[in-house]
Amino acid sequence: MNPTILAIETSCDDTSAAVICNGIVKSNCIASQKIHEQYGGVVPELASRSHQQNMVPVVHQALCDAGVAVSDIDAVACTVGPGLLGSLLVGVSFAKGFALAHGCKLIEVNHLHAHVLASFIETGTYKPPKPQFPFMCLLVSGGNTQIILAHDYNRMEILGATIDDAAGEAFDKCAKLMGLPYPGGPHIDRLAQQGNAQAFAFNKPHIAGYDYSFSGFKTSVLYFLQKEIAKNPDFIQENLPDLCASIQHTIVEMLMQKLKKAVQATGVKHLTIGGGVAANSGLRSAIQTFGEKHTIATYLPPPVYTTDNAAMIAVAAHYKFMDKQFGNLNMKPKARYSLEEYFGECANMPI
């Protein structure tokens, strides 16, 4: 089988469409929504409206860039969750309509599944080495922080996850406390490169097993800043690079501590990362250093493929197509959609 698949991603505030032919991504178009910056976070209603405006132009551009006609499409795939319900509804509705109108297969993709497979994205000019199964993936984004053991393309196991807030949310909330624009993660990363990571110390919660917790860390940063500002109102402005470096260093340490423990316990020799926070330079450096020290092959997708994009949806859809795991017109978007639930449903699909 050499399927040609149109993939749609609308889980949050980026409208994206991609075309994949026989496992090779031919196009990946993204329309970002700048309107949320003035609100300091994504406004769900505005996001869904923007998706409605962007969907047809983005899909048209993806087909044109790939040099593919609508009649060439064998299947249309879309993100069904997790994400903002209104945003997901736009993508799912478009995919259903497309499949019904053109008589092609329909494939549902879990957003997290796609993030794990970002290291398998290959284009005509980008042909990176790929992880070998089983491999470990640290999935870190604004809404999720998980350690995932991938046994196959469509069979994965969750070893650990955050019990409260995600690492990406911790970055953004800390940035907001310091008066940095949204999204705050990239601003912290940029400023951290100019600062001293050992300048300030923050609390790191002790959670059993491979699970994470970032709520206590955020509270620690809040109380620290309140205390210092009471003594010096200009404290943040005078110490911003050091604050960013210390915050980033602490979050990366927390992430790496559990990841190292999981890798060593399972004995895997291949390691990758996914999710928006996987673009963070401090985390990427820590992953590479760990891999070199312990002779573990590391795979770091380019930042354009770690943030929300349809190319990763396309890759996940390709392997579901190969396993004949198709959806139907009854599929519904899900704001909450765990990988356990998703893979359980996939296992029950007829082959």
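The values are calculated or read from the model by the stated rules, or taken from the named source; none is laboratory data. It should be emphasised that the depicted structure is a prediction, and the values quoted were computed from it without experimental measurement. Cβ placement follows ideal geometry from the backbone for every residue including glycine, while neighbour counts extend to all protein chains displayed. Surface accessibility is based on the protein's heavy atoms, side chains included, excluding ligands, DNA and RNA. Shrake-Rupley method; radii C 1.70, N 1.55, O 1.52, S 1.80 Å.
Given springs between every Cα pair under 10 Å in a Gaussian network model of the chain, which of GLN264, GLN61, GLN325 has the largest fluctuation?
Judging by the Gaussian network model, the answer is GLN264.
Hey, got a sec? Which trypsin sites (Lys or Arg not before Pro) in the range 276-351 land in a DSSP loop and have at most 12 other Cβ atoms within 10 Å? Spell out each step's value before the answer.
Working: sites: ARG284, LYS293, LYS320, LYS324, LYS334, ARG336; in loops: LYS324, LYS334, ARG336.
Those satisfying the criteria are LYS324, ARG336.
Once ligands and nucleic acids are excluded and a 1.4 Å probe is used, how much of GLU9 is accessible, expressed in Å² to the nearest 10?
0
Gain in length, SER213 to VAL304, computed as 0.36 nm per residue apart minus the alpha-carbon separation, to one decimal in nm?
Working it through step by step, the gained length comes to 30.1 nm.
Note the angle between two axes, namely the Cα long axis of helix 85-102 and the longest principal axis of the Cα atoms of the chain, as a number of degrees from 0 to 90, rounded to the nearest 10.
With both axes taken from Cα atoms, the answer is about 20 degrees.
Excluding ligands and nucleic acids, what accessible area in Å² is computed for MET55 using a 1.4 Å probe, to the nearest 10?
10
Given bins 5 angstrom wide, list per bin the percent of all Cα-Cα distances in the range 53-109, short to long.
4, 18, 27, 28, 17, 6, 1
MET156's amide H: which non-local residues (gap 5+, or another chain) put their own amide H closer than 5 Å, with H modeled 1.01 Å from N in plane and none for Pro or chain starts?
It is HIS151, by chain and number.
Counting only residues 5 or more places away or on other chains, whose amide H sits under 5 Å from the amide H of TYR299 once H atoms are built in the peptide plane?
Correct list: LEU271, THR272, ILE273.
Using the Karplus curve 6.51 cos²θ - 1.76 cosθ + 1.60 with θ = phi - 60°, what ³J(HN,Hα) values do you get for each residue of the range 331-336, in whole Hz, with x for Gly and Pro?
Taking θ as phi minus 60°, the curve returns 5, 10, x, 10, 4, 10 Hz for the range 331-336.
Give a residue-ordered list of calculated ³J(HN,Hα) values for the range 313-321 (Karplus: 6.51 cos²θ - 1.76 cosθ + 1.60, θ = phi - 60°; whole Hz; x for Gly, Pro).
Rounded to whole hertz, the list is 5, 5, 5, 4, 5, 4, 6, 6, 4.
From the mean inverse distance of alpha carbon pairs (Kirkwood) and the Cα radius of gyration, derive Rg over Rh for the chain.
Taking Rh as the inverse mean 1/r over Cα pairs, Rg/Rh reads 0.98.
What is the sum of charges around GLU238, taking Lys and Arg as +1, Asp and Glu as -1, for the other residues whose C-beta is under 12 Å from the C-beta of GLU238?
Residues near GLU238 contribute -2 overall.
In square nanometres, what is the average projected area of the Cα convex hull of the range 239-350?
If you wrap the Cα atoms of the range 239-350 in a convex hull and average its projections, you get 9.7 nm².
Ignoring solvent entirely, what values of log10 I(q)/I(0) come out of the Debye formula for the range 104-190 at 0.15, 0.16, 0.19 Å⁻¹ when each Cα is a single scatterer?
-0.74, -0.81, -0.96
Mind checking the log10 I(q)/I(0) for the range 50-208 at q = 0.08, 0.12, 0.16, 0.21 Å⁻¹? Debye, one equal scatterer per Cα, no solvent, two decimals.
-0.36, -0.79, -1.22, -1.39
With θ set to phi - 60°, apply the Karplus curve 6.51 cos²θ - 1.76 cosθ + 1.60 along the range 205-210 and write out the HN-Hα couplings as whole Hz, x wherever there is a Gly or Pro.
Ordered by residue, 3J(HN,Hα) equals x, 9, 10, 5, x, 9 Hz.
Which semi-axis lengths, in whole Å and largest first, follow from the square roots of five times the eigenvalues of the Cα gyration tensor of the range 141-277?
Working: eigenvalues 184, 41, 34 Å².
They are 30, 14, 13 Å, listed from largest to smallest.
Please give me the summed charge of the neighbours of ASP164: other residues whose Cβ is under 13 Å from its Cβ, Lys and Arg +1, Asp and Glu -1.
Result for the local shell: -1.
Compute the acute angle (0 to 90°) between the alpha-carbon long axis of helix 215-231 and the principal axis of greatest extent of the alpha-carbon atoms of the chain; round to the nearest 10°.
40
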